[in-house]
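Single-structure report; data block below.
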Amino acid sequence: MKVLIVGAGGREHALAWKCAASPEVAEVLVAPGNAGTASEPKVRNIEVGAEDVAGLVKLALDERVDLTIIGPEAPLVAGVADAFGARGLKCFGPPRAAARLEGSKAFAKEFLGRHAIPTAHSRTFTRDSFDPAWVRSQSVPLVVKASGLAGGKGVVIAGSTAEAVASAQAMFAGRFGAAGHEVVIEEFLAGEEASFIVMTDGRHVLPFASAQDHKRRDDGDRGPNTGGMGAYSPAAIVTASVHARIMREVIEPTIRGLAAEGVPYTGFLYAGLMIAADGTPRVLEFNCRLGDPEAQPLLLRLRGDLVQLCAAALEGRLAQVPAAWDERAALGVVLAAAGYPDTVRKGDVISGLEQAARLPGKIFHAATRLEGGQVLTNGGRVLCAVGLGASVAAAQREAYGLAQAVHWSGVHYRRDIGHRAIERGA
Ligand SMILES: Nc1ncnc2c1ncn2[C@@H]1O[C@H](COP(=O)(O)OP(=O)(O)O)[C@@H](O)[C@H]1O
Ligand SMILES: [Mg+2]
């Protein structure tokens, strides 16, 4: 089989590595990939952009690709799965109509409401319908969200109603482009966050192991929001009973709701959840793809053939394929470039990758490129060092052992990934 992975980040390196491990797979193509995917056995990068839908379709036809897995959300929201389907190409990822669960937070809130799935109380506004008096009547903090795709930067936790009004107005004025033309304003939920990811064929659900990521740049979960500075699995907050509640109260009604509305969903479905102190899960958002960096520790733990799972899902028989999880915990630390999450410097030479390759664990590349035999930084989140261990604490030690082996000018990373689980004794 020939598999195509679309995307260029750490999630896509992990997907490519996992697919290459399948005995059924002869070759994995990655469009466009990075230096990590370029050096993986059985894997070849192709210079087609992740959002070049027509180019991707042509590539899959020319190369006779048997299965395509879409990494990032933008091509899904743009309809890449529909374009593949129209040409009879197998593509694991939801069609545009279903990807709206991520592409429009306003749509997701309406969907959640229609199906009585627990989430924060909210209202959606446009510039014309905006009602500052309603905002002033709410208690704070309030959460103000640009409805469209904003690369993880479109959410403001406002400590005052004045800040909430100003944030919404800035979004209407174009702060996030078209993504801010609609704005969701919602109640602030207290609790601990967890990422709950499943594979689905629209009827059957295969829950992935639980995971938790760290969005803030600095230790102690402080500092600016980022795309994610690290993640680990399992998330101690998702106990067996919380897991059962998430399945019953969130995932099952979501899949039933999509089916009832005639929206076919094949792909990864990611629910960003706030777990209250009593274990009640509430949906913060949906994503229509794997999380990055959650995918890196999750795929390291997946025992089973991802290619078989995706192929089965595309045939509506996901329930028939077994999947198991490594008993060990996995923990990934993101190594970022100078300046991240603001403007970053690119082109620094990364050293120590060969030494790191001899250590236990796995380094997935994100923003890297090859030049003249050297691996250079090529963006904000550069690498993700993932360790495995009998406990989250042991996985953390392995991950930091890897992180310490590599270096470039300006590299920085958090020292406390997994601290919540470790404080719980995990
Ligand atoms: N209602 C809420 N209450 C508390 N925190 C929230 C709420 N909604 C979002 N957040 C915080 O903001 C972050 C980003 O919001 P999210 O809805 O996941 O949007 P995105 O990932 O697209 O930026 C969440 O991970 C969470 O930390
Ligand atoms: Mg989120």
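Lysine pair count for the chain (Cα-Cα distance under 13 Å; residues 8 or more apart in sequence or on different chains): 8. When each of the peptides 155-164, 28-37, 363-372, 320-329 is scored by the mean number of other C-beta atoms lying within 10 Å of its residues, the order from highest to lowest reads 28-37, 363-372, 155-164, 320-329. Label the chain by shape, choosing from rounded, prolate and oblate, from the square roots a ≥ b ≥ c of the eigenvalues of the Cα gyration tensor; if a/c is under 1.5 it is rounded, and otherwise prolate applies when a/b is larger than b/c, oblate when it is not. Rounded is the answer for the chain, as its axis ratio a/c remains below 1.5.
With each label modelled as a point 7 angstrom along the Cα→C-beta vector, the S137-D416 pair spans 4.1 nm.
A 1.4 Å probe run over the chain, with the rest of the protein chains in place, finds 39 Å² accessible per residue.
Label zone (R123, point 7 Å along Cα-to-C-beta; backbone nitrogen cut-off 13 Å) within region 138-175: 138-139, 165. Loop-located trypsin sites (Lys or Arg not before Pro) in region 1-69 (DSSP state not H, G, I, E or B) with no more than 16 neighbouring Cβ atoms inside 10 Å: K42, R64.
Count Lys and Arg as plus one, Asp and Glu as minus one, and take only other residues whose Cβ is under 13 Å from that of A26; the net charge is then 0. Calculated mean residue ellipticity at 222 nm for the chain: -8000 deg cm²/dmol, from DSSP H runs with n ≥ 4 weighted as -39500 (n - 2.57), summed, divided by the residue count and rounded to 500. Solvent-accessible area of R381, all protein chains in place: 60 Å² (probe radius 1.4 Å, heavy atoms, ligands and nucleic acids excluded).
Ignoring any ligand, DNA or RNA, what whole percent of the accessible area of the chain comes from carbon and sulfur when the probe is 1.4 angstrom?
50
Set the Förster distance to 25 Å, then compute FRET efficiency between A324 and A393 from the Cβ-Cβ distance, nearest 0.05. The calculated FRET efficiency here is 0.60. Subtracting the Cα-Cα distance of L61 and R317 from 0.36 nm times their residue separation leaves 89.7 nm of extension gain.
Net length available on complete extension from A170 to F188 is 4.5 nm, with 0.36 nm assigned per residue and the Cα-Cα distance removed.
The values are calculated or read from the model by the stated rules, or taken from the named source; none is laboratory data. If you're wondering where the values come from, they're calculated on a predicted model, not measured in any experiment. In this analysis, Cβ positions are derived from the backbone assuming ideal geometry, glycine residues included, and neighbour counts consider all displayed protein chains. To get the accessible areas, we keep the full protein, side chains included, count just its heavy atoms, and leave off ligands, DNA and RNA. Shrake-Rupley method; radii C 1.70, N 1.55, O 1.52, S 1.80 Å.
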